[in-house]
Structures are given as structure tokens and as C-alpha cells.
Amino acid sequence: MTRLFLYVEGQTEESFVKEVLAPHLYSYGYTEIVPRPTGGVRPWPSAKRDSLKFLKQDAERIVSTMVDFYGLPQSGSGSWPGRKNANKAQYSEKARTVEKGLLADVCLDMGKNFNPSRFIPYVMMHEFEAMLFSDCASLSRGIERPTLANQFQAIRNAFASPEEIDDSPLTAPSKRVEMLVPGYTKPLLGALAVLEIGLEAIRRECPHFGCWLDRLEAVPTASSGQSSTDLR
């Protein structure tokens, strides 16, 4: 049996896990998938304490994260490992730099006998709404604004991937949606949109997300003794 605990930021991410991600992963052999929304990113020592608790309680539990890179504390006692150093990394390596830092920190606390493949951190470069641009026609249908498809697509076409949509706090993915959809509410409309878009479109258009999904899918079928620190 394989159980998954997912540290997520909020209600929308929780809905995504329950309604989209979990049904998909259950077909790969997971027996329990529990997302834990925290209402925003907590200081790393607090998030790590939860992760360690769940890893130590159950040897068949996998722990993962779904957090926003730009929201992670990068200084002080609550900083997340690798976040400050990631500022100097190439864009494609920023999220991976944090993921590697998180894995190393958890492994240090868990000890030499810990199988590192049981902790699979995922750091989104930007917020949840970036994934909605994976299929702009479906996004517009999901929020019942079909006439906005071309405008959403124009935003998407300006970037190599939906995962790169952001260039200032005023143009974050959610802000771009709000400019076109006054009154946009993330928990309701974001959840409806992602159900319309579907997991495969997100996987196809968001390569970093796709790598995370690949790794989660592989866990139940991996041999119990297998150990890997690959964060592709």
C-alpha cells in the first residue's frame, strides 16, 4: 500500500488534489491521498516538522509539497532551504534548487536509513493560476467566459510555458485572470476551470509539473528497496 500526504497552500490547491490529481493517482496504486491546506506558506521549520512527523509515522507514506516559489520565505529563521540561492540560478533551475534543498534537509533529519524517494517536493514557479493557461479554450469555458479564449491565449503565447507566466507582482497569473474577469474567485472559478482543462493538458504544457507527476506515478510500482534522489 502507498499513502500520500501533500502539503498545499490553500483551498484551491486542495480541491485540485482531491478532484483532479487524486483520482488519477489512485489508478496507479495509491490507497490514500491526503492534501493538507495551510492557508499560505508557513515557515520551513513548521512545514518540515509536519513532513517529518508523517514520514516517521508510516513507512509506506510518501510526502510531497505543492507550494509557490515566489511566496517562499528566503531569509530569517523561517526561510526555505535553497530559496535564497535560487535567486542566482538559471530560470529553469530555480524551483529545482529549492526542491533539492528541501530534500537534503529532510534526509539529514531522517537519518542514513531513510529512503529519499519517500519525499518528493514540488515547487511551482508561480501560483496555481499559471496552470490554467495550459488550455485557454477550456479555461474560458470552465469559468463561463467563452469569449475570452483569444485574450487568454494571447497571454499564454507570450511565454514559452504556462509555468513562466509572471514578470511582476502586478502581472502574476491570478492578476492577469482578474483583469479579464472582474470578481474572479480562485476557490470557485479556479477549481471549475481546472476540472474543464484536465490533468493531461497541464502535464503536456507544464514540463516541471509533468516531471513531478511522473515521479508520483512511479512510486507505487517501484521496488520497496529502491532509492533515488533524482529531481530531474
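Return one whole number: the accessible area per residue of segment 128-197 in Å², for a 1.4 Å probe. Result: 46 Å² of accessible area for each residue. Values of log10 I(q)/I(0) for segment 1-48 across q = 0.14, 0.28 Å⁻¹ run -0.36, -0.98, by the Debye formula with one identical scatterer at each alpha carbon and no solvent.
Between Q151 and L180, the modelled label-to-label distance comes to 0.8 nm, taking each label 7 Å out from Cα in the direction of the beta carbon.
Distant-in-sequence amide contacts of T2, defined by a placed amide H-H separation under 5 Å and a gap of 5 or more residues or a different chain, comprise T31, E32.
Leaving out ligands and nucleic acids, and using a 1.4 Å probe, what accessible area per residue does segment 25-118 come to in Å²?
On the way: 4600 Å² over 94 residues.
Dividing the accessible area of segment 25-118 by its residue count gives 49 Å².
Working from label points 7 Å from Cα in the Cα-to-Cβ sense, the Q11 to L195 distance is 1.5 nm. Here the label points at Q90 and F159, each 7 Å from Cα along the C-beta direction, are separated by 2.0 nm in the simple model.
Using the alpha carbons of the chain, what is the convex hull volume per residue in cubic angstrom, as a whole number? Don't skip to the end; give the middle numbers.
Values: hull volume 26.7 nm³, N = 232.
Convex hull volume per residue, Cα atoms: 115 Å³.
Would you mind giving the average projected area, over all directions, of the Cα convex hull of segment 128-197 in nm² with one decimal?
Working: hull surface 16.0 nm².
Spelled out: convex hull of the Cα atoms, projected over all directions, averaged, 4.0 nm².
Assuming charge only on the beta carbon of Lys and Arg (+1) and of Asp and Glu (-1), the dipole of the chain about its Cα centre is about 640 debye to the nearest 20. Antiparallel beta bridges, as assigned by DSSP with both residues in the chain, represent about 0 percent of the total such bridges. Rolling a 1.4 Å probe over the protein heavy atoms of segment 128-197, with every protein chain left in place, gives an accessible area that is 56 percent carbon and sulfur. Applied to segment 11-27, the Karplus parametrisation 6.51 cos²θ - 1.76 cosθ + 1.60 on θ = phi - 60° returns per-residue 3J(HN,Hα) values of 5, 5, 5, 4, 5, 4, 5, 5, 9, 10, 6, 4, x, 5, 6, 4, 6 Hz, with x for Gly and Pro.
The values are calculated or read from the model by the stated rules, or taken from the named source; none is laboratory data. For clarity, every value in this text was computed on a predicted model and none was experimentally measured. So basically every Cβ, Gly included, is an ideal-geometry build from the backbone, and we count neighbours across all protein chains shown. These accessible areas exclude ligands, DNA and RNA; they are computed on the full protein's heavy atoms, side chains included. Shrake-Rupley method; radii C 1.70, N 1.55, O 1.52, S 1.80 Å.
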